[in-house]
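Asks: Quick one: this structure, given as C-alpha cells, is what I'll be asking you about.
Only the coordinates and a few stated rules stand behind these numbers; no lab work does. Fair warning: this is a prediction, and the values are worked out from it, not measured in the lab. Cβ coordinates were reconstructed from backbone atoms using ideal geometry, including for glycine residues, and neighbour counts include every protein chain displayed.
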Amino acid sequence: MHLIKHRPIEQIVGQCMLIRKLNTGDYSRETLTQALAFRGPAQRQLFALARQRREEHFPSRAVQMRSVIEISNICHQRCNFCSIGRIGQSHYVITHAEFLALADHIYNKKRRVLLIQSGENDSKTFVNHVCGCLKALTPRHRDLKIILCLGNMKTAQYRQLHAAGAAWYILKFETSNAKLYRKLKPRDTLAHRLGCIASLLRAGFEVGSGNMVGLPGQTTDDLVNDLYLLGKYKLVTQSCSVFIPGEKTKCAAAPMGDLDLTLNMMALMRIMYPDRMIPTTSSLEKARRGGQYLGLMAGANTVTVHDGTPAHFKRLFPIYSTKRITPQDDYLRSIVRKAGLKLASGAEL
Ligand code: SF4
C-alpha cells in the first residue's frame, strides 16, 4: 500500500508565491535562495517558468549544436580540481593541417558552430598557431561560427584572435567568491579573471561566462552572488556545470556537485537573463544519466557534441578523468526531440 505524503498547504502556497515573485522580476537574495532549494512540484514550476522565458526569447525552439576540437592540452594553470597535467599524459598540439581536416569534416557534417578549446597557454607560439588555423579556416567556411575557449590571455592576444576570425569567446569565472577561486585556481585570481572578461568584451568578442555548482566550500550565498555577477556583463551565453572532482587532484576526495541544485541555477539564469544561450553540459549527464535532458527542461538551448577531437587526443584531455562522458550526435538529437525542441539549422544560429 502506498502512503500519500501530503505537504502542508502553507508550503504549497509559499512556493507558488515565490514563482510569482520570480515571474514579476523579484530577484532578491531571499527569493533566489529559496528558489535554489526547490525540489519536486516547486522545482517543476521553476523549470516551467524558465521554459516559458526561453520560448518568449527563442520562439524558433532551436537548439545550437557546438562541435568541439580540443586543439591542445598544454596548460599553464594547475587548477586543484582538474586532471589535466596530473594523469601523466603527454602534451599535444593539433597541427595546422590536421586542424583544417577536422574542421572540414565537421563542416561537411552540416555543423555550423565550432568550439575550439585548449588548456590555458598564452605563449606567443600557441596564440600564433591558433590564429594561423583561424585565418586558414574562415575563408573556407564563411558561415562557420567560431567560439574560442582558451583561458586567460593578454588584451592584445584577444584582439589578435578576434581579428583572425573568432567571434565568440567563453571564459567562465567559475565562482564569484574570490577566496574560493584562489583556493581552486592557486595561480590565478578572480580579479584577474574578471579583468580578462572585460578585455574580451573590449576586444569585440561576444562573450560567454558562468560558474560551477558544488565546489568544495561553496555556499548558497556564493551561488546567489554568481547569479548577480552574471548580470554585470553583457554576455551572449552563460553556463552552469556540476562540479566534478578530477582524478588525482587535490579535490579528488570531494563529493560531486548536486544535479538538482545545478538545474535550479540554470533555470534561474534563464529567468533572470532570458535572451542568452545556455548549454546543457555533459557534466549533468555525468552527475545522473538523463541529466542533459533535464538541463533542456530547465531552460537550456545549446548542446556540445564531442565529434571534433580524434580519440587518441581525447584521452589526453582528461578534465576530470580519462573516462569522460562525451555525448555523441544521436544521443543529443534524441534528448532535443524529447524536450520538444529542434536542432538549429545554420541560418537560425
Ligand atoms: S581547468 Fe582549464 S585552466 Fe584549469 S588546469 Fe584544467 S585545463 Fe587548465
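Asks: Report, by chain and number, residues whose modeled amide H sits under 5 Å from the one on Arg66, excluding near sequence neighbours (fewer than 5 apart, same chain).
Replies: When sequence neighbours closer than 5 places are left aside, the close amide H contacts are Val303, Thr304, Val305.
Asks: May I pose another question? Give me the net charge of Leu263's neighbourhood, meaning all other residues with Cβ under 13 Å from the Cβ of Leu263; Lys, Arg count +1, Asp, Glu -1.
Replies: Overall, the nearby charge balance is +2.
Asks: Run the lone-cysteine check on the chain: no other Cys C-beta under 4.7 Å from the residue's C-beta.
Replies: Cysteines of the chain left without a disulfide-compatible partner: Cys16, Cys75, Cys131, Cys133, Cys149, Cys196, Cys240, Cys251.
Asks: Rounded, prolate or oblate: which fits the chain, taking a ≥ b ≥ c as square roots of the Cα gyration tensor eigenvalues, rounded meaning a/c under 1.5, else prolate when a/b beats b/c?
Replies: prolate
Asks: Which links in Lys154/Lys183; Lys154/Lys179; Lys145/Lys183 stretch past 27 Å when you go from one Cα to the other?
Replies: Lys145/Lys183
Asks: Using the Kirkwood radius over Cα pairs, work out the Stokes-Einstein diffusion coefficient for segment 130-287 at 20 °C and 1.002 mPa s, in µm²/s as a whole number.
Replies: D = 130 µm²/s.
Asks: Quick check on the chain: helices-only [θ] at 222 nm, where DSSP H runs of length 4 and up contribute -39,500 (n - 2.57) each and the sum goes over total residues. Nearest 500, please.
Replies: It comes out at -13000 deg cm²/dmol, rounded to the nearest 500.
Asks: Also, I was wondering about something else. For segment 108-193, what does the alpha-carbon gyration tensor say about shape, rounded, prolate or oblate, given a ≥ b ≥ c as the root eigenvalues, a/c under 1.5 as rounded, and a/b over b/c as prolate?
Replies: It comes out prolate by the Cα gyration axes.
Asks: Could you tell me what fraction of 2.2 N^0.38 Å the Cα radius of gyration of segment 138-185 comes to, as a two-decimal ratio?
Replies: So the Cα radius of gyration is 1.50 times the expected 2.2 N^0.38 Å.
Asks: Now for a different question. Figure the gain on full extension for Arg289 and Asn128 (residue separation times 0.36 nm, minus the Cα-Cα span) and round it to one decimal in nm.
Replies: The Arg289-Asn128 span can extend by a further 54.0 nm.
Asks: How do 137-145, 105-113 rank on mean C-beta neighbours within 10 Å, highest first?
Replies: Taking the mean over residues of other Cβ atoms within 10 Å, the ranking is 105-113, 137-145.
Asks: Taking the Cα centroid of segment 148-170 and of segment 233-308, what is the distance between the two, rounded to the nearest whole Å?
Replies: First find each Cα centre; the distance between them is then 24 Å.
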